[in-house]
Amino acid sequence: MSLDLAPHAVKDGALVIDDGSAFRMKKDVPLVVPEVNENDINYHKGIISIPNCTTTPLVMAIHNLRKLAKIDRIQATTYQAVSGSGALAISELQSQTENIINNKDVSNSVYPHQIAFSLIPQVDDFMSDGYTKEEHKMINESKKILHDENLLISATCVRVPVFYCHSEAISVDFENEIDINEVVNIFKNAEGIKLIDDGLNQNYPTPKFVEGKDDIYIGRIRKDNSNKKGLNFWIVSDNLRKGAALNALQIMDSAIRLKKIPNF
C-alpha cells in the first residue's frame, strides 16, 4: 500500500515517513535512525524510511562502538516479542497460554508452531540461503544506515513468548583489542542509550523492565573469552516505541530542525 500511496502524498507536497519495508533498501530513500545518521535526512526526495525494529537498537550500539575501533565482524541473535507480528499474534500467545494452563487444546494460525512456552527460530519467510527475510533485513539495513557495505554481519532471529520488547545478544569482533571501561563509558554517554551493567548482582535489562520506555537498554557487557579482540553485550528495546513510532517522530523532529519538510 505504501508503494501506491506514498508517491501521491509526495506529489501533493507531503513528507512521507514510512514504517514499512517497501522503501527501506531503495537507493534514493534515506533509512534513518536520528542518533546514528540524521544527516541522511538532508538527501530525501519526499520519502524517509524507518528500519526494522531489530535493526534500530543494533545500529545505535554499533555506531558508538565504531568510535573506539574498527569493527571486523558482528553476530546478532534476537529474541523477538510477538507484538512484532501484530495484534493477532498477541491474541494467539494469550489464548495458547490460557489453554495450556487450563489443559485445553492449543491451536495456531499466526505462527507455524505453538509459541506459548516455546521458541520459534524463524521470523518471516526463509530465503534460498537458509536465512529468513528478517535476518536479511538486519544485515542489509545495518549496512545502509552505517554506510558500510563491507560490514561483516550475521543474524539469527528467534520469536519468543514475550508480548512486548525485542532483546538481542550481540558479539562484536574488533580489529584491535579494546578497553572494556571505554565501552562502558561510551554507552553511558550515548544518546538514546541507557546502561544497566551490574550483572554480578543480577542487574541487567529485561523486556518487562524496558516495556513502555523510549531508550534502548544495554547490559551484560563483557570481553569475549574466546577472542581477546571480541566483545559481548545484551540489548533490550521496546519494539513499538524506538522500534517504530518513536523513531518516526524523531525523524519528523529532525526534518523540521534541518528544514527538510516541504512547505513547512
## Note on the structure
Of the residues in region 155-177, those that are charged (D, E, K, R) and either over 27 Å from E135 (Cα atoms) or loosely packed, with under 13 Cβ neighbours inside 10 Å (or both) number 2
### Query
In region 216-246, what count of residues is obtained for those that are outside any strand (DSSP E or B), in contact with a strand residue (DSSP E or B) (Cβ under 9 Å, 6 or more places away or on another chain) and crowded, with 19+ Cβ neighbours inside 10 Å?
4
### Every residue from region 98-119 that is under 22 Å from T78 (Cα atoms) and either more than 27 Å from the chain's Cα centre (by Cα) or in contact (Cβ under 8 Å) with a residue 40 or more places away in the chain (or both)
Y111, I115, A116, F117, S118, L119
### Query
So which residues in region 183-212 are charged (D, E, K, R), part of a loop (DSSP other than H, G, I, E, B) and surrounded by fewer than 17 Cβ atoms within 10 Å (Cβ to Cβ), if there are any at all?
E191
### Checklist (1) closer than 25 Å to I41 by Cβ; (2) over 17 Å from the mean Cα position of the chain (by Cα); (3) at pLDDT 95 or above applied to F264, failing item
(3)
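Matching residues to (1) among the acidic types (D, E); (2) under 22 Å from R241 (Cβ atoms); (3) in contact with a strand residue (DSSP E or B) (Cβ under 7 Å, 6 or more places away or on another chain):
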{"residue": "T54", "(1), (2), (3)": "no, yes, yes"}
{"residue": "P57", "(1), (2), (3)": "no, yes, yes"}
{"residue": "I62", "(1), (2), (3)": "no, yes, yes"}
{"residue": "K70", "(1), (2), (3)": "no, no, yes"}
{"residue": "A81", "(1), (2), (3)": "no, yes, yes"}
{"residue": "S107", "(1), (2), (3)": "no, no, no"}
{"residue": "F117", "(1), (2), (3)": "no, no, no"}
{"residue": "D129", "(1), (2), (3)": "yes, no, no"}
#### Entry: I180 vs. criteria buried (at least 17 other Cβ atoms within 10 Å of the Cβ) and farther than 25 Å from L31 by Cα
no
### Message
Going residue by residue through region 38-58, is there one that turns out to be aliphatic (A, V, I, L, M), in contact with a His (Cβ under 8 Å, 6 or more places away or on another chain) and either modelled with pLDDT of 95 or more or crowded, with 16+ Cβ neighbours inside 10 Å (or both)?
### Response
no
### Query
If you scan region 32-91, which residues turn out to be in contact with a Phe, Trp or Tyr (Cβ under 8 Å, 6 or more places away or on another chain) and basic (K, R)?
K70
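The values are calculated or read from the model by the stated rules, or taken from the named source; none is laboratory data. The structure presented is a predicted model; accordingly, all values stated were derived computationally and were not measured. Cβ sites come from the backbone with ideal geometry, for glycine too, and all protein chains shown count toward neighbours.
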